[in-house]
1. So, in nm, how far is label VAL60 from label ASN43 when the simple model puts each one 7 Å beyond its Cα toward the Cβ?
2. So what's the stretch 21-85 giving for Cα Rg divided by 2.2 N^0.38 Å, two decimals?
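A short reminder: the numbers here are calculations on the coordinates, not readings from a lab. What you are looking at is a predicted structure, and each value in this text was computed from that prediction instead of being measured. Glycine also receives a Cβ, built like all others from the backbone with ideal geometry; neighbour counts cover every protein chain displayed.
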Amino acid sequence: MKTVLTLLAMALFLSAGSAWARKPCEELRQEIAAGLDAKGVKNYSLNVVAKDAEDPRKTVGTCNGGSERIVYERQTPARTEAVAKR
């Protein structure tokens, strides 16, 4: 009986992890941005890129079933203003 319960618990745990990867990218990007804003992080960008794209920026999340990922880049204040003016 303990074995069955353990296997069931493991299955639920593993399925919950894949649920994060199925989240739409824009929704996850907004959640990550809210968390960074709450911590007082300023001057950053979050972009969605393909899973296999070579990108030196830090990956902070995966979305759309793992086919895409969200990357984080810290920006200088001058660059942030230039991006905002576009």
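1. Going from the VAL60 label point to the ASN43 one covers 1.5 nm.
2. Values: Rg = 12.2 Å, N = 65, 2.2 N^0.38 = 10.7 Å.
Scaled against compact globular proteins, the figure is 1.14.
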